[in-house]
Amino acid sequence: VFRQQITSPLRYGFVWDVEIASVEEGARVDLASYGALEGRGRFVLASVPDGTEVAFIWLVRTGKRWMNVLEPIARPVFTWSHDRLMDDFARGLAATLDCRLVWIRHESLDPGEPGFFEMPAATA
C-alpha cells in the first residue's frame, strides 16, 4: 500500500491510498484505491512493434463531498483538470523509465453510461 498526493491544475488536492491488488507479470497491474479517490485502477501492458504500450484505466469516484455536489455542473472542468494531471503523469512515467512517449489519449464516461463501472479486459 502506498500513499498518493496530487494537486490539480485548478489547485484542489487529493490524498489517497493505493494497494496493489494483483499482478500478471508483463501484462497488467490491478490497483485498489481508498480515501479521496475510491475505486480501482489497472495498468495494461501490451507488446507493440516499437516497444510496449501502456494503458491506464481508472474507475474511481471522489470522496470529496464538495466535488460530488458540484459534479453535475462542473464535470467538464473536472474532466479537463483530470486530463492535464494524467498528461503530466504519462510524461513523468516516460521520463522515469527513460522511454519515448508516443501518444496520450483520454476517454471519459459519464456516470450512468453503459460500462461506467466495468473494468476492461486484462489484455489490450
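The values are calculated or read from the model by the stated rules, or taken from the named source; none is laboratory data. Predicted model only: the values in this text are computed from it and were never measured. Ideal geometry is used to build each Cβ from the backbone, glycine not excepted, and the neighbour counts take in all protein chains shown. Calculation scope for accessible area: heavy atoms of the full protein, side chains included, ligands and nucleic acids excluded. Shrake-Rupley method; radii C 1.70, N 1.55, O 1.52, S 1.80 Å.
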key: Which numbered condition Arg11 fails, given (1) assigned to a strand (DSSP E or B); (2) loosely packed, with under 15 Cβ neighbours inside 10 Å   = (1)
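Taking the condition of being closer than 23 Å to Asp98 by Cα, surrounded by 13 or more Cβ atoms within 10 Å (Cβ to Cβ) and not aromatic (Phe, Trp, Tyr), how many residues in the range 37-51 meet it?
Filtering the range 37-51 for residues closer than 23 Å to Asp98 by Cα gives 42-51.
Cutting the leftovers down to surrounded by 13 or more Cβ atoms within 10 Å (Cβ to Cβ) gives us 42-46.
If we keep only those that are not aromatic (Phe, Trp, Tyr) too, we end up with 42, 44-46.
Going through the range 37-51 one residue at a time, the tally reaches 4.
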remark   = Given the conditions (1) at pLDDT below 85; (2) of a type outside the set (Asp, Glu); (3) part of a helix (DSSP H, G or I), every one holds for Gly115 apart from (3)
remark   = From the option list Arg105, Arg40, single residue qualifying as assigned to a strand (DSSP E or B) and out of contact with any helix residue (DSSP H, G or I) (no Cβ under 7 Å at 6 or more places or on another chain) is Arg40
remark   = Within the range 52-99, restricting to residues that are outside any helix (DSSP H, G or I) and of a type in the set (Lys, Arg), the one that is least open to solvent (accessible area, probe 1.4 Å) is Lys64
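Answer with yes or no whether Trp66 is closer than 23 Å to Phe117 by Cβ and modelled with pLDDT under 90. First the steps, then the outcome.
On the way: closer than 23 Å to Phe117 by Cβ: yes; modelled with pLDDT under 90: no.
So Trp66 fails the test.
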note = Flagged in the range 14-31 as surrounded by fewer than 14 Cβ atoms within 10 Å (Cβ to Cβ) and touching a strand residue (DSSP E or B) at 6+ places or on another chain (Cβ under 9 Å), in numbering order, are Val15, Glu19, Ile20, Ala21, Ser22, Val23, Glu24, Gly26
query = Which residues, counting only those in the range 41-73, are among the aliphatic types (A, V, I, L, M), touching a Ser or Thr at 6+ places or on another chain (Cβ under 7 Å) and within 18 Å of Asp110 (Cβ to Cβ)?
reply = Val60
ask   = When you go through (1) hydroxyl-bearing (Ser, Thr, Tyr); (2) in contact (Cβ under 8 Å) with a residue 40 or more places away in the chain; (3) open to solvent by 40 Å² or more (accessible area, probe 1.4 Å) one by one for Ser108, which number turns out not to apply?
value = (2)
ask   = So Tyr34 fits all but one of (1) under 20 Å from Phe116 (Cβ atoms); (2) touching a residue at least 24 places away in the same chain (Cβ under 8 Å); (3) in contact with a strand residue (DSSP E or B) (Cβ under 6 Å, 6 or more places away or on another chain); (4) surrounded by fewer than 16 Cβ atoms within 10 Å (Cβ to Cβ); what number is the exception?
value = (2)
